[in-house]
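The values are calculated or read from the model by the stated rules, or taken from the named source; none is laboratory data. In this text, all values refer to a predicted model and were calculated from it rather than measured experimentally. Here the Cβ positions follow ideal geometry from the backbone for every residue, glycine too, while neighbour counts run over all protein chains shown. What goes into the accessible areas is simple: the full protein's heavy atoms, side chains included, and nothing from ligands, DNA or RNA. Shrake-Rupley method; radii C 1.70, N 1.55, O 1.52, S 1.80 Å.
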Amino acid sequence: MARSVQITFDCADPAALAAFWAEALSYQVQAPPGDFESWEQALEAMGVPPENRNDASAVVDPEGSGPRLFFQRVPEHKQAKNRVHLDVRAAPGLEGDERMAALEAEAVRLGSHGATRLDRHEPAPPLAAGHIVMADPEGNEFCLD
């Protein structure tokens with residue numbers, strides 16, 4: 001039986017980074033537990049001090065098929081290139097100019113949410129379809145593929 005995975009991001013601002021990735025992936029912030037209407041209510045009831053209420057956040061696929069992304073606050077900032085990164089499949093089934101136009105449109109959209117464009121790799125058939133390298137608001141690299 002295959003195991004499911006959770007992807008964890010170390011970051012400075014879990015709530016903000018969770019909001020970015022929810023937008024990027026059409027995910028949603030994970031609902032609070034039980035009958036709580038908000039995370040603020042849940043954390044208050046759990047006795048979590050206000051200064052610790054942004055220590056973690058998570059986003060989930062609303063359809064339940066994609067992995068959960070978990071964001072945890074750490075004291076240090078990102079220091080080097082990611083060894084693992086996400087490929088956001090923004091142009092499935094498209095090729096050539098049509099594919100690159102779709103990737104460019106997504107790069108612009110995510111840029112309006114705090115992402116930074118880093119590089120563009122042109123299609124090089126037959127093996128390379130082309131992609132755009134981006135960074136999320138905290139500098140984590142990802143590709144629009």
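For residue 52, neighbours were defined as the other residues whose beta-carbon sits under 15 Å from its Cβ, and their charges (Lys and Arg +1, Asp and Glu -1) total -3. In this rough spin-label picture, where each label sits 7 Å from Cα along the Cβ direction, the residue 122-residue 79 distance is 3.8 nm.
In angstrom, the C-alpha Rg and Dmax of segment 8-123 are 16.9, 54.
For a test of the definition: using alpha carbon positions, the gyration tensor, and the 1.5 limit on a/c, classify segment 1-61 as rounded, prolate or oblate. Each step should come with its number before you reach the end.
On the way: a/c = 1.77, a/b = 1.45, b/c = 1.22.
Cα axes put segment 1-61 in the prolate bin.
Taking the inverse of the mean reciprocal distance over all distinct Cα pairs, the Kirkwood hydrodynamic radius of segment 54-109 comes to 14.6 Å.
Rounded to the nearest 500, the 222 nm mean residue ellipticity of the chain from helices alone is -7500 deg cm²/dmol, with -39,500 (n - 2.57) taken per DSSP H run of at least 4 residues. Ligands, DNA and RNA aside, residue 117 has an accessible area near 110 Å² when probed at 1.4 Å.
Per-residue SASA remark: residue 36, around 80 Å² accessible (1.4 Å probe; ligands, DNA and RNA not included).
Loop-only GluC sites (Glu not before Pro) in segment 48-91, please: DSSP not H, G, I, E or B, and at most 10 other Cβ atoms within 10 Å.
On the way: sites: 51, 63, 76; in loops: 63, 76.
Here the GluC sites (Glu not before Pro) that fit, given the DSSP loop and packing criteria, are 63, 76.
If you sort 131, 77 by accessible surface, 1.4 Å probe, largest first, the order is 77, 131.
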